[in-house]
Amino acid sequence: AAGGRIPVLVPYAIPDRDCGGASQGGAPDLAAYDAWIGKFAQGLGSGAAIVILEPDAIALSDCLTAPERAARFASLARAGRTLRTANPQARVYFDGGHSGWHTPAEQAAALRAAKAATSGDGIFTNVSNFHRTADETAYARRVLAALGGPGGLGAVIDTSRNGNGAPAAGQWCDPAGRALGRTPTTRTGEARIDAYLWVKLPGESDGCSAAAGSFTPEYAYALATG
């Protein structure tokens, strides 16, 4: 990575992505997804990298039938193994939801079904959300404790929009009054927290102020000024 920086990569192509929401899409089926991940892995190189594997793919899977959910989780496990085999220096993190969603025990059970402890290097939390870093730190540690697995498993937290915490009533789509959070770093000073990251790019819409994924300068400015 240039200048000693670590690239952060976000594969986001799982079939039935976002359960038909504003960011719906993805590969047509899991066979196509497996092939896509194989090509993605070929481009990882050999240096350090952080891979945020499919935001919401585990926490937001209630729209699937039990067999579909099991098949998705098996595909995610394969993806984790494929990525780590292609580049042992890459750290692959599985979807941990966030502190305002499932309980740590519930999320850990889903992660266990996806074999996250043996197919990845830990979990990510708060992607595209707004919960405060302290809340996410405590939540991530509880999920990891419930998950078990190798002692080296850690967590990364999306701090891109959590400077003012989460809005009331669970609002999630481009809510007003939010602010940038902690700047990205791997030096968190917190046990089991590997990094603070800006996974959701500040100014990128959730689908209300503009099309999902599109950049809105006014929204970016609002986040920057708090």
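Specify which labelled value, from [x] 11.8; [y] 12.6; [z] 14.4, agrees with mean projected area of the Cα convex hull in nm² derived from the coordinates of the model shown.
[x]
Express as a percent, rounded to the nearest 5, the fraction of DSSP beta bridges in region 2-225 (both residues included) that run antiparallel.
The antiparallel proportion sits near 15 percent.
What is the order of PHE40, PHE124, fewest Cβ neighbours within 10 Å to most?
Exposure proxy ranking, most exposed first: PHE40, PHE124.
For region 180-226 and region 80-126, what is the separation of their C-alpha centers, rounded to whole Å?
If you average the Cα positions of each part, the centres end up 21 Å apart.
What ranking do LYS39, LYS200, LYS115 get, fewest neighbouring Cβ atoms within 10 angstrom at the top?
Placing the least packed residue first, the sequence is LYS39, LYS115, LYS200.
Counting only complete DSSP H runs, which helices of the chain cover 15 Å or more along their long axis at the Cα atoms and score a mean Kyte-Doolittle of 0.0 or above?
Membrane-span-like by this criterion, though nothing is claimed about a membrane: 30-42, 133-147.
Do any trypsin sites (Lys or Arg not before Pro) in region 117-194 lie in a DSSP loop with no more than 12 other beta carbon atoms within 10 Å, and if so, which?
Passing both the DSSP loop test and the Cβ count: ARG187.
In a shell of Cβ-Cβ distance under 9 Å around GLY97, excluding GLY97 itself, what net charge do Lys and Arg (+1) and Asp and Glu (-1) give?
So the surrounding residues net to -3.
Using only helices, what value at 222 nm comes out for the chain when you add -39,500 (n - 2.57) per DSSP H run of length 4 or more and divide by the total residues, to the nearest 500 deg cm²/dmol?
-10000 deg cm²/dmol
For LYS39 and THR185, compute 0.36 nm times the residue count separating them, minus their Cα-Cα distance, and round to one decimal in nm.
Taking 0.36 nm per residue and subtracting the Cα distance, the gain is 49.7 nm.
Could you pull out every residue, at least 5 positions away or on a different chain, whose amide H is within less than 5 Å of the one on GLY25? Hs are placed 1.01 Å off N in the peptide plane, and Pro or chain starts have none.
The list, which skips near neighbours in sequence, is ASP16, ARG17, GLY20.
Here, each number is a calculation from the coordinates, and none is a lab measurement. Nothing here was measured: the structure is a model prediction, and the numbers come from that model. All Cβ positions, even for glycine, are placed from backbone atoms using ideal geometry, and neighbour counts span all protein chains on display.
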